[in-house]
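Step one of this worksheet: look at the structure below.
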Amino acid sequence: MTETSLATLSNQLADAAAEAGAAIVAVHARPRMPSTGVHWQDGIVVTTDGTIRREEGITVTLPNGNSAKATLAGRDRGTDLAVLRIPAGSLPVAGLGDPASLRPGHLVLALARLGDDGPRVSFGTVSAVGGAWRCWKGGEIARRLQSNLTVYPGFGGGPLVDATGRVHGINSGGLSGAFATTIPVETVDRVVRQLLDRGYVARGWLGAAMQPVRFSEAAATQLGMGSDGGLIILSIEPGGPAATAGMLIGDVIVMLDRQPLDDINQLLRALSGDVVGKSLHFGVVRGGALVPVDVLIGERPRTRP
Amino acid sequence: MTTTFLSEAAERLRLSVARIVSGERANGMGAAIAWRSGLFVTSAHVVTSPRVHVMTPDGRTVPGEVVARDVHRDVAIVRVPGARMPVVQTADPATLRPGSLVFAVGHPFGVVDAVSAGVFQAVGWLPSGLELNKERLRWVQADVRLGPGNSGGPLADSEGRVIGVSAMILAGLALAVPSTDVDEMLAGV
């Protein structure tokens with residue numbers, strides 16, 4: 001007979017909820033139902049962009065029931081994240097886990113705070129994990145993390161918590177469908193850093209439009225390419241990074257940083273990283289020869305919604 | 001007593017849960033809990049006429065009568081002298097912490113004695129923003145999947161002690177009448 005009992009598991013889950021719950025707040029930034037925020041760093045609360053309906057007069061309810069003023073430090077529609085500043089030392093900082101350690105079948109909790117009572121809990125299992133993906137809002141998410149649990153009203157912006165109370169990311173109501181979708185720690189860290197630095201997430205910009213093309217096998221072999229396709233440049237923004245670097249209409253991009261490139265998503269992924277102001281090394285086919293072109297990546301012009 | 005598997009707690013609790021039909025109609029079936037000797041608890045919206053029949057886990061159909069019915073609180077007390085079923089143990093839901101395991105027994109969508117498991121969220125008023133809050137009733141709120149036919153059935157802790165009577169689903173959330181409210185009502189019967 002083992003010592004493991006159902007009551008033990010029940011207590012562990014309640015302990016996990018209590019530990020992670022000590023680092024979450026209710027965010028009052030929309031009418032009626034509050035949403036949830038995670039105290040990510042001292043004085044910094046992360047929630048989902050979709051639950052922020054007003055940018056002024058935001059307050060949070062702390063675990064002790066007290067209310068505190070919050071100011072919006074920045075928001076990113078693409079990854080559905082928003083960052084608030086609150087007075088330092090208001091509550092414990094969340095203990096972060098490593099989302100790479102989560103596997104399908106692990107028990108997980110989603111937490112919320114909806115007022116001055118205890119944390120709210122939803123229970124389930126990790127359903128799917130995977131590599132980087134681009135969500136329908138346009139943001140680049142470092143890994144797929146989906147769970148079989150209910151994101152109840154007010155749970156958006158709350159943490160996904162493992163059975164030991166570690167926080168693995170922020171649950172997004174807007175990105176969740178049949179399964180709850182969590183924005184993993186890596187992506188939250190990246191977006192928080194950028195939002196605190198400049199108030200928005202800068203996305204890399206090449207200033208060129210292109211489409212995929214295929215070469216004949218013979219041409220690919222002759223050029224010594226790793227794949228038989230590339231991206232042909234159809235137009236170039238005057239004065240943009242591609243133009244400045246001397247790229248021409250009709251060039252076919254076949255390499256990026258010495259790796260074969262034939263998929264537009266591959267390029268978009270590279271541009272969504274921390275690349276603004278840095279050089280990317282392209283290989284382009286021009287006039288039957290492979291030519292190296294270094295492009296100083298610019299910042300994609302922002303259009304206010 | 002240590003419970004190792006949910007199935008053990010569920011098996012025990014199922015012995016105290018009956019099906020119940022109200023009047024002549026065989027549809028609109030709900031669940032009823034053997035709370036005290038000869039006295040069953042169910043939801044008021046399950047029993048709409050004074051005469052009822054309960055179907056016991058061992059397959060008998062036994063007549064009974066509604067002795068108290070609080071529509072506002074959605075609880076009814078039914079006297080079924082011939083049921084001869086073991087009564088439940090109860091616990092105060094206020095002793096549970098958020099995240100504690102709970103499970104429900106009922107007959108959702110006509111599936112007899114179905115068990116669904118989840119976690120406890122809170123006991124008290126509903127969060128602001130959810131309607132139905134005007135009456136300021138206290139509810140056990142849990143992350144458990146309920147369906148029509150769970151009404152009147154138990155919501156229990158990991159040891160199988162009944163903490164509430166399943167009443168409804170609101171925004172996906174399971175709502176149950178706290179066992180303490182039921183005991184108060186029973187005191188007046």
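For chain B, which longest stretch is free of loop sites, where a loop site is one of the GluC sites (Glu not before Pro) that DSSP puts outside H, G, I, E and B and that has at most 11 other Cβ atoms within 10 Å?
On the way: sites that count: B:GLU24, B:GLU131, B:GLU135.
Counting at most 11 other Cβ atoms within 10 Å as exposed, the longest clean stretch of chain B is B:25-130.
Give me a single rounded figure for B:159-172: the average over its residues of other chain Cβ atoms within 10 Å of their Cβ.
Numbers: counts 4, 1, 0, 0, 0, 0, 0, 0, 0, 0, 0, 2, 5, 5.
Mean shielding count: 1.
Relative contact order of region A:128-266: what whole-number percent is it, with Cα pairs under 8 angstrom and at least 6 residues apart? Don't skip to the end; give the middle numbers.
On the way: 225 pairs, mean separation 20.9, N = 139.
Relative contact order here is 15 percent.
Please state the relative contact order of chain B as a whole percent: Cα pairs under 8 Å, 6+ residues apart? About 21 percent, as a whole number.
Here's the picture: a label point sits 7 Å out from the Cα of B:GLU11 along the beta-carbon direction, and within region B:88-107 nothing has its amide nitrogen under 16 Å of it.
Summing charges over neighbours of A:VAL167, with a neighbour being any other residue whose Cβ is under 14 Å away from its Cβ, gives -3 when K and R count +1 and D and E count -1.
List the trypsin sites (Lys or Arg not before Pro) within region A:1-80 that DSSP assigns to loop and that have no more than 16 neighbouring Cβ atoms inside 10 Å.
Working: sites: A:ARG32, A:ARG53, A:ARG54, A:LYS69, A:ARG75, A:ARG77; in loops: A:ARG32, A:ARG53, A:ARG54, A:ARG77.
Answer in residue order: A:ARG32, A:ARG53, A:ARG54, A:ARG77.
Note on the protein assembly as shown: helix-only mean residue ellipticity at 222 nm, from DSSP H runs of 4+ residues weighted -39500 (n - 2.57) and normalised by residue number, equals -4000 deg cm²/dmol. With axes computed from alpha carbons, what is the tilt in degrees of helix A:185-198 against the longest principal axis of chain A, rounded to the nearest 10 within 0 to 90? Once rounded, the angle reads 80 degrees. Averaged over the residues of peptide B:99-112, the number of Cβ atoms from other protein chains lying within 10 Å of each residue's Cβ is 3. Quick one: net charge around A:ILE297, please, counting Lys, Arg +1 and Asp, Glu -1 for every other residue with C-beta under 11 Å from its C-beta. So the environment of A:ILE297 carries a net charge of 0.
What is region B:93-187's relative contact order, in percent, from Cα pairs under 8 angstrom and six or more apart in sequence? Write out the running numbers ahead of the final one.
Values: 221 pairs, mean separation 26.0, N = 95.
Dividing the mean separation by the residue count of region B:93-187 yields 27 percent.
The P(r) of region A:6-198 has a tail past 21 Å containing 43 percent of all C-alpha pairs.
Between helix A:6-21 and chain A there is an angle of about 70 degrees, using the helix long axis and the longest principal axis of the Cα atoms. Estimated from the Cβ-Cβ distance and a Förster radius of 56 angstrom, the FRET efficiency linking A:ALA132 and B:GLU65 is about 0.30.
What's the longest bit of chain A with no exposed GluC sites (Glu not before Pro), using DSSP loop states and at most 16 other Cβ atoms within 10 Å as the test? Walk me through the numbers on the way to the answer.
Values: sites that count: A:GLU3, A:GLU55, A:GLU56.
The longest uninterrupted stretch comes out as A:57-305.
When the P(r) of the protein assembly as shown is calculated, the portion above 30 Å amounts to 56% of the C-alpha pairs.
Quick one: which of A:96-103, B:173-180, B:32-39 comes out on top by average Cβ neighbours within 10 Å, and what's the full order, highest first?
Numbers: A:96-103: 16.4, B:173-180: 24.8, B:32-39: 21.2.
Descending mean neighbour count gives B:173-180, B:32-39, A:96-103.
The numbers here are math on the coordinates, done by the rules we state, and not lab data. Small disclaimer: the values here were computed from a predicted structure and weren't measured. Because the Cβ atoms are built from the backbone with ideal geometry, glycine has one as well, and the counts that use them run over all protein chains shown.
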